[in-house]
1. Working out 0.36 nm times the residue gap between residue A:252 and residue A:55, then minus their Cα-Cα distance, what length gain in nm do you get to one decimal?
2. Tell me the relative contact order for segment B:41-119 as a rounded percent, counting alpha carbon contacts under 8 Å between residues six or more apart.
3. For segment A:19-128, count the residues as N, evaluate 2.2 N^0.38 Å, and divide the Cα radius of gyration by that value, please.
4. Specify the angular offset, from 0 to 90 degrees and rounded to the nearest 10, of the alpha carbon long axis of helix A:200-215 from the longest principal axis of the alpha carbons in chain A.
5. Which semi-axes, in whole Å and largest first, does the equivalent ellipsoid of segment A:112-268 have when worked out from the alpha carbon gyration tensor as the square roots of 5 times its eigenvalues?
6. Could you let me know the centre-to-centre spacing of segment A:115-181 and segment A:36-78, using Cα atoms, in angstrom?
7. Can you report the principal axis dimensions of segment A:13-83 using only the alpha carbons, biggest first, rounded to whole angstrom?
8. Could you order the peptides A:174-182, A:186-194, B:54-62 from most to least packed, using the average number of other C-beta atoms within 10 Å per residue?
């Protein structure tokens, strides 16, 4: 790449080296009568990888989706990349203390990769990648294209930049989705079961890309069912059970913890 | 079969006029109607309660009454009422108010707005929510999600149906011959009255409608095929079995 691309990859710039990139305190979330999160606290140190594991319905996707406010917690506090929010509700049920500007700023710093890829089918691969940098971060088209090409190269999809998503395999689509997230140059990358919708042969190409990002020292928070992978790449593992954190710590600690033995045993 | 009247320049002029008026009315109604349709769909899905209610009522009334009745309603009813408005005769709007083309266009715009509005509303509801969620997750505003993601995707999904709506519109246009607008049917009527030939002029304009429909279908199919992001199998001229 050209010399200008070097600036793109400086992703680990820190404002305050010791503050965690994400810190959540006592988050609760209820859907109707269902208590999905019952007071979850979590800290993701800058430059580290945290994986959330747990059975279906344990609340792990909800927890992840709270991090970019696709779900709004009912209560608790969240500090993400210099934005701090304390969740309380006014009588109308709206969240107080969160204005639209803060929401946009926060979302521009937290990029998400979805289980179902969720690429925009009417835009080309490059179009998908440059959309948010142009519209949200006000990059010029030229800058956005340079960024986009850089990150498409990074995930090995540069040669398909003009293709539409419908012409790509699932693994290729997910790699484009990762490039789309990277092009926002986010402080934190969120992965929501990034390989669950892929057939087995395609899983490794996506895991390979994610492993590479982990090795670069990016801050990542990941929900996954790939136990081997989670154990291998994570600095921290969080085992969520019925809306509580049942175990957390280094991968080895969590895998050896009696409370999640039953869950991780087949993989360990 | 006697087509000797075709060589008469007066009849040629009628037919040409009729053809041009038909196409103009089609174009104006299609463009205006689709814009209204997007408005109707948005009002029903995202509008404040009273506006959503009004849009729903509009759709029901337009779709629940005959097009010919609507045309008469606008031309005779509203047109007549407007004559009573003091001072209107002196404004620039007045010549428009005397023009059957204006009332035809208003009627068809409302009709397309109501029918296509429901089609577009349905298509908007069938855009996978994850795509819009991805837009929000990346910080796009509600308006950006709508303009950049939601509407283009909805239109992509319902293009074939909208093509059908446009063909129906083309074939509704002969109704305006009843309000003294020189469209193709009106031209045929005049030729019939003067030559006492019933079938020949009708056959001719039927052929013209058919040819126009074929061209219209092919054009819109071309738009469909070239719409960004169409699935590979939708890009063929003929549907894949």
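Derivation of every value follows stated rules applied to the coordinates shown; laboratory data play no part. If you're wondering where the values come from, they're calculated on a predicted model, not measured in any experiment. Methodologically, a virtual Cβ is constructed for each residue, glycine included, from the backbone with ideal geometry; neighbour enumeration extends over all protein chains shown.
1. On the way: separation 197, 0.36 × 197 = 70.92 nm, distance 1.86 nm.
My answer for the length gained is 69.1 nm.
2. On the way: 45 pairs, mean separation 30.4, N = 79.
Relative contact order of segment B:41-119: 38 percent.
3. Numbers: Rg = 15.0 Å, N = 110, 2.2 N^0.38 = 13.1 Å.
Compared with the compact-globule rule of thumb, segment A:19-128 sits at 1.14.
4. Rounded to the nearest ten degrees, it is 90.
5. On the way: eigenvalues 203, 52, 32 Å².
Whole-Å semi-axes of the equivalent ellipsoid: 32, 16, 13.
6. About 26 Å separates the Cα centre of segment A:115-181 from the one of segment A:36-78.
7. Over segment A:13-83, Cα extents along the principal axes are 41, 23, 18 Å.
8. A:174-182, A:186-194, B:54-62
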